[in-house]
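Colleague: One structure, pasted below without further comment.
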Amino acid sequence: AARGRPANADDVAAELRAFGHPVVVASRYSGNDHVIGPSYYPWFWHVQRIAVGLGVAIAFGLSTIRSLGTGDPVRAAMHGVNSAIEVALLVFAVVTALFIAAERMKLDTSWLQRWDPKSLPRENIRQPKSFFESAVTVVFDIVFLLFWVKALQFPNEIPVREGASAALAFSPAWDAIYWPVLALAAGVTVVHLADIIHPAWTRVRSVLSIAGHVAGLAILWVLFNGRPLIEATPVNGADPAEIERVLQVADSVVTISLGVAAAIWVVAIILEVRRLRRVIASTRA
């Protein structure tokens, strides 16, 4: 009518094309515009983070237990990584399927309105860690635990010249801190797992962080007073002078590394104490 003539086939096609593809138009009437709709999507990644994190942690835990009794810890560790990846993919698929089913069945979400604002975290001393950062940290924690309990071995030979090398090992000084390090490493792993489930950094988490760093400094002090920290054994005919030179370099590297770690931990303690005091002061105000 606006054009002053009857609509032809091209005009009708242009109007219909403006509505969209028939599949898209039909989906608007089906009530299923979303695979996971806005009522459930905000919870989707939150649940995925917890479920996948727990699944990976359990897979690594079982792998650690199995590797303790195997004669090939490296292969057992790699099998643990593969198992963790498989578990993560399976858990992700299951949680996704459950949310899609909830969207299709339009499950009642009125219970979400019964949340209590008083139950929200009252403090967040520092920025929570991301899921990726927490997951990577947990992986390194488990690798260290496997190494510390001698379930995972790394090459320890250093070449000194063509056809000769030196095998490095911890000195007896490390025996005195074996169990404290094992307990501290296990506790740190638990805290990092908690970061995946509940990332908010509360006062309790802050106090535990300070206590852990103080314990770490005490362990470093024991090691520093127990030097030398490295032993070297000749392999394939390395002479004593070469072994002594390698031993001096290795012991110096380890000692400097411990010093750097101590400095970093002291700074971490100072920063954490300042954050904690600031939160306590703001709460009292």
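The values are calculated or read from the model by the stated rules, or taken from the named source; none is laboratory data. No experiment lies behind these values; they were computed from the predicted model shown. Heads up, the Cβs are rebuilt from the backbone with ideal geometry, glycines too, and the neighbour counts pull from every protein chain shown. Surface accessibility is based on the protein's heavy atoms, side chains included, excluding ligands, DNA and RNA. Shrake-Rupley method; radii C 1.70, N 1.55, O 1.52, S 1.80 Å.
Colleague: Could you tell me which helices of the chain pass both thresholds, a Cα extent of 30 Å or more along their own axis and a mean Kyte-Doolittle hydropathy of at least 0.0, with helices taken as whole DSSP H runs?
Modeller: TM-like helix candidates: 41-67, 73-105, 203-225, 240-284.
Colleague: What's the extension gain from H34 to A164 if we count 0.36 nm per residue and subtract their Cα-Cα distance?
Modeller: Stretched fully, the H34-A164 segment lengthens by 40.2 nm.
Colleague: Further question on the same structure: Which residue fluctuates most in the GNM of the chain (Cα springs below 10 Å): E86, E15, E244?
Modeller: Result: E15 has the largest fluctuation of those listed.
Colleague: While we're here: At 222 nm, what value in deg cm²/dmol follows for the chain if DSSP H runs of at least 4 each add -39500 (n - 2.57) and the sum is divided by all its residues, to the nearest 500?
Modeller: -23000 deg cm²/dmol
Colleague: Something else now. If you roll a 1.4 angstrom probe over the protein chains with everything in place, what fraction of the accessible area of the range 184-259 belongs to carbon and sulfur, to the nearest %?
Modeller: The value for the range 184-259 is 72 percent carbon and sulfur by accessible area.
Colleague: Which whole-number value in Å³ per residue fits the convex hull of the alpha carbons of the chain?
Modeller: 282
Colleague: Once the piece of chain linking A101 and A200 is laid out straight, how much longer is it, given 0.36 nm per residue of separation minus the C-alpha distance between them?
Modeller: 32.6 nm
Colleague: Which parts of the range 129-160 would a label at W179 reach, counting a residue when its backbone N lies under 11 Å from a point 7 Å out along Cα-to-Cβ?
Modeller: none
Colleague: Let me ask something else. Multiply the residue gap between V94 and I256 by 0.36 nm, knock off their C-alpha separation, and tell me the result in nm, one decimal place.
Modeller: So the chain would gain 53.5 nm between V94 and I256.
Colleague: Also: Would you kindly find the accessible area of D108, with a 1.4 Å probe and non-protein molecules such as ligands, DNA and RNA excluded, rounding to the nearest 10 Å²?
Modeller: 110
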